[in-house]
Amino acid sequence: FQLSKNISTNNMNLWNVKNQIQNYDNANEILLDFMKERIQWYEKRKVYIEQQLELLLNNLTSKHTFCRLVVQEKIKLFGVKKDEIIAQLKKNNLQQENDSWDYLLTLSISDLTEERLLLLEKKMQNTKEKYDDVKAKTPTDLWQQDLEQLKEYLEKDPLFRIQQEKTRTKNKKV
């Protein structure tokens, strides 16, 4: 098998992002067109990741606050009606998630321990660090990071390494 060959670049017509045939004069024009489109998707991706991490951080913070208040016996759960528990949650400025308190009220008893509080604190800290990391990066930084991860993955792939070696050997002969 020969996985590569020379092709003519005199007539490069491709479908562009608008689903139209476009003539390109050289490979760089194709790459520039691709890069313009791709960076827009990374901008959307960055916003989405930030939103998801923020939601997770809010969820973890609320769970931590709730568990801490229960452990400190500032919220009473046993022998109390659900409406009274909800009133206590509101009094302590806890927020609903998806118009429901279930994410707090369905926690298991084992979640209401000092050990779980420490675990929640670690999760909150890790999530905050991820959030700050993504917030500090530009869409270009995220793209570059993905390319580096792809490169590392491909360099571990034996078939990719063999192909790279063949390409280097072929270029040395020329």
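Remarks
- Some residue of segment 18-30 being touching a Ser or Thr at 6+ places or on another chain (Cβ under 8 Å) and either at pLDDT below 90 or open to solvent by less than 80 Å² (accessible area, probe 1.4 Å) (or both): yes
- The condition (being free of Cβ contacts under 8 Å to residues at least 60 places away in the same chain, among the acidic types (Asp, Glu) and on the phi < 0 side of the Ramachandran plot) is satisfied by just one residue among 73, 50, 54, 97: 97.
- Among the residues of segment 79-115, those identified as part of a helix (DSSP H, G or I), open to solvent by 90 Å² or more (accessible area, probe 1.4 Å) and closer than 14 Å to residue 67 by Cα are 109, 114, 115.
- The residue pairs whose first member lies in segment 149-162 and is over 16 Å from residue 3 (Cα atoms), whose second member is modelled with pLDDT under 85 and not small (Gly, Ala, Ser), and whose beta carbons are closer than 8 Å, counting only pairs six or more residues apart or on different chains, are 154/160; 155/161.
- With respect to being surrounded by 11 or more Cβ atoms within 10 Å (Cβ to Cβ) and in contact with a Phe, Trp or Tyr (Cβ under 6 Å, 6 or more places away or on another chain), residue 142 fits the description.
- The lone criterion from (1) within 30 Å of residue 138 (Cα to Cα); (2) open to solvent by 90 Å² or more (accessible area, probe 1.4 Å); (3) hydrophobic (A, V, I, L, M, F, W, C) left unmet by residue 53 is number (2).
- Some residue of segment 3-21 being in contact with a Lys or Arg (Cβ under 9 Å, 6 or more places away or on another chain), outside any helix (DSSP H, G or I) and in contact (Cβ under 8 Å) with a residue 24 or more places away in the chain: yes
This table checks each residue for (1) basic (Lys, Arg); (2) modelled with pLDDT under 95; (3) under 25 Å from the mean Cα position of the chain (by Cα).
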| site | (1), (2), (3) |
| --- | --- |
| 69 | no, no, no |
| 87 | no, no, no |
| 98 | no, yes, yes |
| 109 | no, yes, no |
| 112 | no, yes, no |
| 125 | no, no, yes |
| 136 | no, no, yes |
| 139 | no, no, yes |
| 142 | no, no, yes |
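The values are calculated or read from the model by the stated rules, or taken from the named source; none is laboratory data. Predicted model, so just to flag it, every value in this text is computed and none were measured. Ideal geometry is used to build each Cβ from the backbone, glycine not excepted, and the neighbour counts take in all protein chains shown. All accessible areas refer to the heavy atoms of the entire protein, side chains included, with ligands and DNA or RNA removed. Shrake-Rupley method; radii C 1.70, N 1.55, O 1.52, S 1.80 Å.
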